[in-house]
Amino acid sequence: MNTRTFGLDHRRIRGREVPLPPRWMRRTLSIAGFLFLWWWAQAAGVPYFQFELFPGPIETLTALVGVEAAGEGAGVVIPGTGMAVTGYLAGEAVLAGEQSIYFHAFFSAFRVASGVVVASLLAIPLGLLVGTSRRWEDYLYPALESLRAIPPVAWVPVSILLFPTFQLAGVSFTTAVIFVVFIGAFFPILVNTVEGVQDIDTEYRRAAESLGADAQQVFRHVVFPAALPSILTGVTLGIGLGWITVVAAEIVGGNYGIGYLTFQAYRLLQTDTVAVGMITIGALGYVSSAIVLWAANRTMPWNEIEVNQ
Amino acid sequence: MSRQDTDDRKSTDDRKSTDGPLQNGQRPGSERAQGGIDGEALVEIDGLTKIYDPGGADVLAVDGLDLDIGHNEFVCLLGPSGCGKSTVLECIAGYLGPTEGEVRVDGERVRDPDPSRGVVFQENRLFPWKTIGENARFGPQMRSAVDDDRIEELLGDTGLDGFEDAYPHELSGGMQQRAELVRLLANDPDIMLMDEPFSGLDAMTKELMQEMLLDIWEEESRTVLFITHDVEEAIFLADRVVVMTARPGEVKEVIDVDLERPREFDMVTTEEFTSYKERAIDLIHDEAERAMAQAEGQ
C-alpha cells in the first residue's frame, strides 16, 4: 500500500516504513520497464504474436544512433578519434534513398503545420460567427456537423482525386495530404471555438455592457478572450489529429514524409526503420503539442490549459 | 430616534402595503420617493411584472411591483431566495425587459444596459483575462476617458495599490470584490446596482466590505440598490429596507431605517437596531417558509 503524507512518499511493509525511490527515478523506471518488456517479448517470444518479425529495442536504438569506426561514407566523423556517429539521427539515408530522416520529418511537419494553420484561419472565425449568432448557427452548423461525422482518414481517396500534385525544385508536393490534415484539424478547432463562445457566462457580457462597452467592444474585450482558452485547446487537439491524419494520408498518397517512410520500410521489410518511424511520429506529435501548449499558456497568464490526447 | 417613531412609520407602511401595488391607482412618484434626499425619484418602477418562460411553463417571477428610489438613497431589497429580487435588478440594469409595467431612470424608460447604471454581481465578474488595473480602467477605456489619477486613488482607497498588475485569480475573495467595486466607481455611475455582492465572503470580510461600501457611499453621494437575503446586512446598510414577498415578488413592506450615520459596526448590538431586525425577521420569516414550500413543490 502506498500512502502520501505531507509530500513524503513511503510505503509500509510489515509495519515498517520503507521510503519510495524519488519521483524522477520512478519515472525513469517507467521508461526502462517498457524497454525491458519490449526486449523480453522480442527475445523470449510471446505465443500467438510474431515478435520474431519485429526488431528489439537495441536494434531500433542502434538504427537511430550508433558509433562505429569511421569508414567509407556513412556517419558524422568525430574529429581526432577515428570514430563516427552513425544511424538515422546522424543523417544516414533511409530506404536506400538519398533522403535522411530529417527530410521526411520536415515534410510531415510542414504538412501538419500548413494544414493546421489553414484550418485555424478558417475554423476560428467561422466558430466565432456560429458561436455568437444563432442565425448563422442555423445556416452553417447542420452542414458542418454532418461533415464532422466523416472520419478525416476517409477523406484520403477523395482528396487524392481532387487535389493536384506540384513539381517544385525537383520535389513533388502532394497538396492532397495537406487537405486531409486540414480536415482533421478543422473540426476540433471549430467545435472548441463554438463551445468556447457559447459557454461564456452571460454576466461577463452584461458586466461589459453596463460598463459602457458596445457590441464590438464586448466582442473584443469579452467574447474573444473568454473563448481563447477553448480555441487554443482546439488548436492543440487539431495538431494531435493533424499527426494522425498526416500518417494515414502519406501511407496512401505521399512521396515523402514519416508516414510514407514507415510504410515503405514495412514493404521493404526494414523493420528497424518501421520502429524508428513510429518513434519519430510519436516524438514529433508530442513536441509540437508541447510547443503550442507552452505558447498558449504564455499568451494567457490567467488561464492554464491542459490537453489530454 | 425613539421606538415610537419607527412604530408610527410602520403603520403608514402597513397601510400602503394593504393597498396592494396593483390597486394602487394613483401615479407613483414624489409621494412614494420618501427617502429621496432631493425629493424627485431617480428610479421609478411602475407595476413591474416579469414572466419567465422556461420550456413552455410560464413562471411569474415578479408581479406588479412598484418602487421608487430617490437620489442618493441607499435602498436594500430584502427577500427570500427565488423571490425575484435579482429580476428587479436585471430590469433596472436593462438586461431584461419587463413583461408588463416599466422602469424609468431619470425619467427615461430603461431599454438597454447603460454605464450610468453600474452593476456588481453576486459572484465577482472581474474579467479574469485582464489585470486588476485593466479591469479598473475598463469602463473609462470604453469611452476613451481614462483618468489615471482617479484609478490610482480608488485603488489606494480600497487597499489595492500594488496589485494593479495582478490577475483576479491571484487575489482573495474580499480583494476581488473590492476590485469590482473600484471598476464600478471608476465609471462614475449614477446608481449602483448590487446583487448580493458580499454573500460569498466570510463574516469578517463581509463586515469590512459593508463598512467600506458605506464610507464610499457617504463620501461620494450615490444612489445604491442593494439586494440581500441577510436581514442584518440590510438594516445596517440601508435608508430603506424593501421587504419582498416570496414568488411572485411584490413589495410586502417598506421599513425606514432611521439609524444615525455614519454607521459603526457596534451598532448591531443596540436595542434600536435589534428592534428593526426583529421586525424584518418577522416579515421575512413567513415569506421564507413560502419560498421553501415552493422550492420543495418543484
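Structural remarks
- With one equal scatterer per alpha carbon and no solvent term, the Debye-computed log10 I(q)/I(0) for the stretch B:129-188 at 0.22, 0.26 1/Å reads -0.76, -1.06.
- Once the Cα atoms are used to define both axes, helix B:203-220 deviates from the longest principal axis of chain B by about 90 degrees.
- FRET efficiency for A:Arg11 and A:Ile291, using Cβ-Cβ distance with R0 set to 45 Å, rounded to 0.05: 0.75
- Counting only Cβ charges, +1 for Lys and Arg and -1 for Asp and Glu, the dipole size of chain B around its Cα centre is about 860 debye.
- Taking chain A as a Gaussian network of alpha-carbon nodes connected by springs under 10 Å, the highest mean-square fluctuation of the residues A:Ile200, A:Ile78, A:Ile279 belongs to A:Ile78.
- Cα-centre dipole for the stretch A:100-206 with unit charges at Cβ (Lys and Arg positive, Asp and Glu negative), debye to 20: 240 debye
- Under 5 Å, built H, 5+ apart or other chain: amide partners of A:Met83: A:Ala70, A:Ile78
- Taking amide H as placed 1.01 Å from N in the peptide plane, B:Gly249 has its amide H under 5 Å from the amide H of B:Val62, B:Asp63, each at least 5 places away in sequence or on another chain.
- In terms of Cα atoms, the Rg and Dmax of chain B work out to 19.1, 55 Å.
- For the options A:Phe186, A:Phe107, A:Phe219, a Gaussian network treatment of chain A with springs between C-alpha atoms closer than 10 Å singles out A:Phe219 as fluctuating the most.
- Among the residues of B:162-170, the average count of other protein chain beta-carbon atoms within 10 Å of the residue beta-carbon is 1.
- Value of relative contact order over the stretch A:101-299, rounded to a whole percent, pairs C-alpha under 8 Å and six or more apart: 27 percent
- Residue-wise HN-Hα coupling along the stretch B:40-53, computed from phi with Karplus coefficients 6.51, -1.76, 1.60 (Hz; x: Gly, Pro): 5, 7, 7, 10, 10, 10, 10, x, 5, 10, 9, 10, 8, 10
- For A:Glu68 and A:Asp201, the difference between the fully extended length at 0.36 nm per residue and the C-alpha to C-alpha distance is 41.6 nm.
- Inter-chain shielding of B:138-144 (mean C-beta neighbours from other protein chains, 10 Å cut-off): 5
- Taking θ as phi - 60° and the Karplus parameters 6.51, -1.76 and 1.60, the scalar couplings of the stretch B:250-256 work out to 9, 7, 7, 6, 10, 9, 7 Hz in sequence order, x denoting glycine and proline.
- Peptide ranges A:291-299, A:164-172 listed from the most packed, as the mean C-beta count within 10 angstrom indicates: A:291-299, A:164-172
- The residue among A:Val76, A:Ala93, A:Pro225 whose Cα reaches farthest toward the positive pole of the charge dipole of chain A, with charges on the beta-carbon of Lys, Arg, Asp and Glu, is A:Pro225.
Every read-out reported here was derived from the displayed coordinates using simple, explicitly stated rules and does not represent laboratory data. Worth saying up front: this structure is predicted, and the values here are computed from it rather than measured. Please note: Cβ atoms are built from the backbone with ideal geometry, for glycine as well, and neighbour counts cover all protein chains shown.
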